[in-house]
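First the structure, in the form of structure tokens, and then the observations on it.
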Amino acid sequence: MSGFRLPEGGLVDREAALRFRFDGRDYTGFAGDTLASALLANGVTLFGRSFKYHRPRGVVTAGPEEPCALVELRRGARREPNTPATTVELFDGLVAESQNRWPSLRFDALSVAGLFAPLLAAGFYYKTFKWPAAWWEKVYEPLVRRAAGLGRVAEGPDPDRYEHIHAHCDLLVVGAGPAGLTAARMATMAGARVILAEQDALAGGGALLDRGAQGWAQAMAAALPHGVLRPRMTVVGAYGHGVFAAVERVADHLAEPGMAPRQRLHIIRARRAILATGAVERLIAFPGNDRPGVMLAGAALAYARRFGVAVAPQVAVFTTDDAGHHAALALAEAGLQVSAILDPRSESAGAEAARAAGLPVRMGWEVVATDGAQGLHGLRARRRGAAASDYVQAGALLVCGGFAPEMALAHQAGLETRWDEARQAFIPGAAREGVAAAGAARGLHGLVEAAADGARAAREALAVLGLPAGEEPPPPGPPQEVSATFPLHEVRARGPAFVDLQHDVTADDLRLAVREGYGHAEHAKRYTTHGMATDQGRVGGTAGAAVLAAARGITIPEVGIPRPRPFVRPAAWGALAGADVGLHFKPERLLPLHDWHQAHGAVFVRVGPWLRPLVYSPSGDTSWEPVLEEARNVRRAVGLCDVSSLGKIDVQGPDAATFLDRIYANTFSTLPVGRARYGLMLREDGILFDDGTTSRLAENHFLVTTTTQKADEVLAHMEWHLQTAWPELDVTLTDVADHWAQFAVAGPDAREVLRGIVDRSLSNGAFPFMAAGEAVIAGIPGRIFRISFSGELAYEVAVPAQHALAAWQAILAAGAPHGIRPYGLDALNVLRIEKGHVTGGEINGQTTPGDLGLGKMLKRRGDFVGRVLGQRPGLLAADRLQLVGIRPLDPAQRLRGGAHLRDVQGQGPSQGYVTAACMAAEGEGWIGLALLAGGHARHGETLLADSPVHGEAVPVVIGSPHRVDPENRRVRA
Amino acid sequence: MSVPEPPVLVAEDRVVLHQVAARRGVALPLPAPGASAALWGGIALGLAPGVAMLVGGRPDLPPDQAAVVEQTGGFLRMRVAGLAAAEVLARGCRLDLDEAAFTPGSVARALIAQVTVILYRPTATRFELLVPATLARSFVHFLSTAAAPFGGVVLPAERGTR
């Protein structure tokens, strides 16, 4: 017996029919329906199959706590699994499919798994698939993955857009039920900035199930200032210090998002927060409690009152709380036939009222079995303690096992958890760090009580915020009488009684876990999967705790419940990732002349955040040919290289020289004004940190250059020492990396090229090697440095970045008669390898200056960062990996970066490795740099460069790393 | 007929910039960190105690009074204006940009969309951001993406150096 649309009632728009499709069949619903209410109205009872046993499952709830009715939405790249049909707002053209069934929902071949249920008890994965071990990957895992699991993820890239937004407020109210609406209304009237987050599309919460209070909720929501109420926004995590995360489903209720993002992640910083998250009705564990047609009493009430849908023509109720009687009365009033109300208690006010209305109430009774196949036909019930049972006909069995406050956020916010015996529920304790619970989330029952509690919480928050609390808004109706909840969580009888419908966990599974030593709430969760997955076991959590308590012979509060971590509800990866995806995952740093490089055939390479020209090759050819052409042009004539990505730090102040003497391992106080010096910076532990040239522009003014990769780290290193180690030094550090564009003009013709466009003499006498100073370059005031990374006569010119193009083009024009051409990072690398200059491959966080042959640069007197620890014996040992040059014995053979150096027979352990390798621009064949154990003393030895990855082993000769112009004549030319 | 102001307007340009850091013991009329002040023919944005970025204008200070470092090439100025300006920036900015919290005249060095920028609010509906020049294009992508749903208009960048 199935559901149908009631002739009247509900908040749906009966004028607005919407077509949708479920499992290939077309249906019609109304605007305001959820997928679940529309399917129920169409008589659908079967929504999905269970996780483990593939048992048929219906819809259990009317909200986000739904364990069973999970569906796949949409198609193609937009396909999304595991959405509760109870939260899917219907739209025209919606396409949904059931999950975890094969070949079809009505006939599921894997439901035979149910026959083996006794073998599939808790922990069966751990016990069963242990042997043979080799079968795990090939047999067991694929099998388990096929049989178990939920929906299928989309295969294509997500076509939709997501974004993050940062929000701030005085008061965050989570949940727009009576408590939340009241609190938000009072706080906004007091002038507070308020965010009222409601996961539902409609505000009202429990008030939506009460005909009298529906209008109250609408009026309260309408009275809030624009933008305060945020529907479709689920607060998914509380992170302390008033930080909360919330996912707003901006366009999930639309077929396609259009311009809007699909979802938006709000990172909310709130001075105060009120958690008015309500409570979920609980299931009772009894045999057959998972059959489609068994659902929560409040859910049936919601379908009737909010959606105008009867879940079945005839219903029975099994309740431990008066809420079940109230639901039965409401449904009877809506025209449903109530065949029985079964209540284990002896008497209650709710039962009296139901009886007075002529409903068949059986006090002291409980349900022991259900009957039906893919829908419910009836149930068996017995007087508690009796053996015999009666058959009761019903198309739906409405269960009310009391209510559990939704307290995941309260848990995360650190509120204490208490056990309330009368409510048979865990409830949050007092407010903590500005976060308070209110209303049903605090264990209160009834709309009026909840609203009053919301007002109380608002007054407390406003007092702390220093805002005046005004009058309370009107209550949602007359006070209602509430009952205590009877402590019945499980009916012990024959057959599987489920405590977790989504994961097929039975009460027996939990008892088995206790027997096998996994009785702790957190252990039992992992051993049995009780309380896992998309619903986190909301409706069966307390029942599980009660079963564990009984099995262990302790009380429910002694067992407790597992601690819920973020996210409170499933959150889509898209929302978490936001807009920073694909190429925009990280910001890109572009050289000032990026567009010029691109227009002139540069092939770019990513170096950290930078895009740098690797080689200028309009054909896209990145072989060695164009690279060597660029490098040879530098050695032969002149080349131009954009080195603007180097770090540049302006150092000023009366103590600048002292500061540099301490931060560098060599001395700078002796550097004359107008000169540059190559400097080494160590880490505190004596390992080489970075290198670069530093120029003295004036007595108290230096310019430090760093490598591209270490620019930010060096600045932080310097700032840190300035602020913490030597606060007495009067020094100002300024990052000027982006202000200055810098170009290397390198090659024998470099002076000739620059002579015509630089306003100062570049002769050796006037501007010798390592000179530095101000200059006007092509009419642009800038700086010029006579430094060389290539080993050739070279200058670096620097101009403010806005003049980069003018300067670059002037140099190219002046260099045209000399055959000047730009060169990229690959050629730069070839030139430095030939010259034996080190970069990141050698300054790799493991080497010392001594290892790289630079030990003589360290100053003898005076302290510097890294001096003490750099003298540790391990850093001075003769057999450390030391920098050498290598070349193949046979010039026709190639070298590989990363190849290991072994003895020439290929025997024994690695003695070192190749840090850089390239084709030589000067001379023939391959050359490289390597770090070799005791390498400084091994020039002339023959070893094997072994690269098993490439299947290559090349005999190489060890030599000096300085292959080109070792006497440094060219740079002084 | 007046053209209605778009909800968001993003414009990018160069502006003369100097970072001014007072030498120890030298009192300069620099604004406090987080504040701004008209100074030396421009607007000084307070970045740290004794440190400000001067936008426009030219400080005339000897080296024994202050370290003055030109930064004109180092940043591009992006102006985000319109009624939705704060909401657009909130897509990447953790700071509370409510007018009562970040009042007109306020300054902050802030990480927005993974880029450290200097944020200045001249008026309630106008923000000026000094964005490191080499990261400007990524930042424009962020701004244009964030502004698009508001009908944001992004003016083409000044191309003088690119």
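The values are calculated or read from the model by the stated rules, or taken from the named source; none is laboratory data. Small disclaimer: the values here were computed from a predicted structure and weren't measured. Cβ: placed from backbone, ideal geometry, glycine included. Neighbour counts: every protein chain shown. Side chains are part of the model used for accessible areas, which takes the heavy atoms of the whole protein and leaves out ligands, DNA and RNA. Shrake-Rupley method; radii C 1.70, N 1.55, O 1.52, S 1.80 Å.
Residues whose amide H lies under 5 Å from that of residue A:293, counting only those 5 or more places away or on a different chain, are A:58, A:59; hydrogens are built 1.01 Å from N in the peptide plane. Using r as the Cβ-Cβ distance of residue A:724 and residue A:153, and R0 as 41 Å, what FRET efficiency do you calculate, to the nearest 0.05? After rounding to 0.05, the efficiency reads 0.25.
On full extension, the segment bounded by residue A:761 and residue A:876 gains 36.9 nm, given 0.36 nm per residue less the C-alpha separation. Taking other residues whose beta carbon is less than 14 angstrom from the beta carbon of residue A:510, and scoring Lys, Arg as +1 and Asp, Glu as -1, yields -1. Can you work out the FRET efficiency for the pair residue A:254 and residue A:222, with r the C-beta to C-beta distance and R0 = 35 Å, to the nearest 0.05? Approximately 0.90, to the nearest 0.05. Burial here means at least 10 square angstrom less accessible surface with every protein chain in place than with the chain by itself, probed at 1.4 Å; in the stretch A:589-610 the buried residues are A:589, A:590, A:592, A:595.
With the cut-off at under 11 Å, measuring from each backbone N in the stretch A:211-247 to a point 7 Å along the Cα-to-Cβ line of residue A:471 picks out no residue.
Close amide-amide hydrogen proximity is noted between residue A:850 and A:855, each under 5 Å apart and 5 or more residues distant or on a separate chain (H modeled in the peptide plane; Pro and chain starts excluded). Electrostatic tally near residue A:868: other residues with Cβ closer than 15 Å to its Cβ, Lys and Arg +1, Asp and Glu -1, net +4.
With one equal scatterer per alpha carbon and no solvent term, the Debye-computed log10 I(q)/I(0) for the protein assembly as shown at 0.08 1/Å reads -0.97. Packing order of peptides A:289-298, A:229-238, A:361-370, highest average first: A:289-298, A:229-238, A:361-370 (average count of other Cβ atoms within 10 Å over each peptide's residues). For the stretch A:710-725, the Karplus equation 6.51 cos²θ - 1.76 cosθ + 1.60, evaluated at θ = phi - 60°, returns couplings of 9, 3, 5, 5, 5, 4, 5, 4, 5, 4, 4, 5, 5, 7, 10, 8 Hz by residue, with Gly and Pro reported as x. Residues whose amide H falls under 5 Å from that of residue A:960, counting only those 5 or more places apart or on a different chain, are A:885, with hydrogens built in the peptide plane. The residue among A:866, A:964, A:817 whose Cα reaches farthest toward the positive pole of the charge dipole of the protein assembly as shown, with charges on the beta-carbon of Lys, Arg, Asp and Glu, is A:964. Net length available on complete extension from residue A:907 to residue A:713 is 65.8 nm, with 0.36 nm assigned per residue and the Cα-Cα distance removed. Note on the protein assembly as shown: lysine pairs with Cα distance below 28 Å, sequence gap of 8 or more or different chains, count 20.
Can you work out D for the stretch A:690-807 in µm² s⁻¹ from Stokes-Einstein, where Rh is the Kirkwood radius over C-alpha pairs, the temperature is 20 °C and the viscosity is 1.002 mPa s? This corresponds to a translational diffusion coefficient of 138 µm²/s. The antiparallel fraction among DSSP beta bridges confined to chain A stands at about 75%. Within the stretch A:770-786, which residues have the backbone N less than 16 Å from the label spot 7 Å out from residue A:809 along Cα→beta-carbon, could you tell me? Only A:778-780 fall inside the zone, counting backbone N under 16 Å. Ordering of B:92-102, A:18-28, A:43-53 by packing is A:43-53, B:92-102, A:18-28, highest average first (other Cβ atoms within 10 Å, averaged per residue). Sequentially through the stretch A:761-766, phi angles give Karplus couplings (6.51, -1.76, 1.60; θ = phi - 60°) of 6, 10, 5, 4, x, 7 Hz, Gly and Pro residues having no value and appearing as x. Computed from backbone phi with θ = phi - 60° and the Karplus coefficients 6.51, -1.76 and 1.60, the 3J(HN,Hα) list for the stretch B:81-88 is 10, x, 5, 9, 4, 5, 5, 5 Hz; x is used for glycine and proline. Inter-label distance, residue A:417 to residue A:957: 7.5 nm, where each label sits 7 Å from its Cα along the C-beta direction.
Dividing the Cα radius of gyration of the stretch A:574-733 by its Kirkwood radius returns 1.07 for Rg/Rh. Seen against the Cα atoms of chain B and their longest principal axis, helix B:136-147 is set at about 40 degrees.
When chain A is described by a simple charge dipole with +1 on each Lys and Arg Cβ and -1 on each Asp and Glu Cβ, the residue from A:502, A:608, A:766 located farthest towards its positive end is A:502. Taking R0 as 25 Å, what FRET efficiency do you get between residue A:937 and residue A:861 from their Cβ-Cβ distance, rounded to the nearest 0.05? The calculated FRET efficiency here is 0.35.
Here the spin labels are modelled as points 7 Å beyond Cα on the Cα-Cβ line, and at residue A:355 and residue A:868 they lie 8.7 nm apart.
Between rounded, prolate and oblate, where does the stretch A:875-972 land on the alpha carbon gyration tensor, with a ≥ b ≥ c its root eigenvalues, rounded for a/c under 1.5, else prolate if a/b exceeds b/c? Oblate, since a/c reaches 1.5 and b/c is not below a/b.
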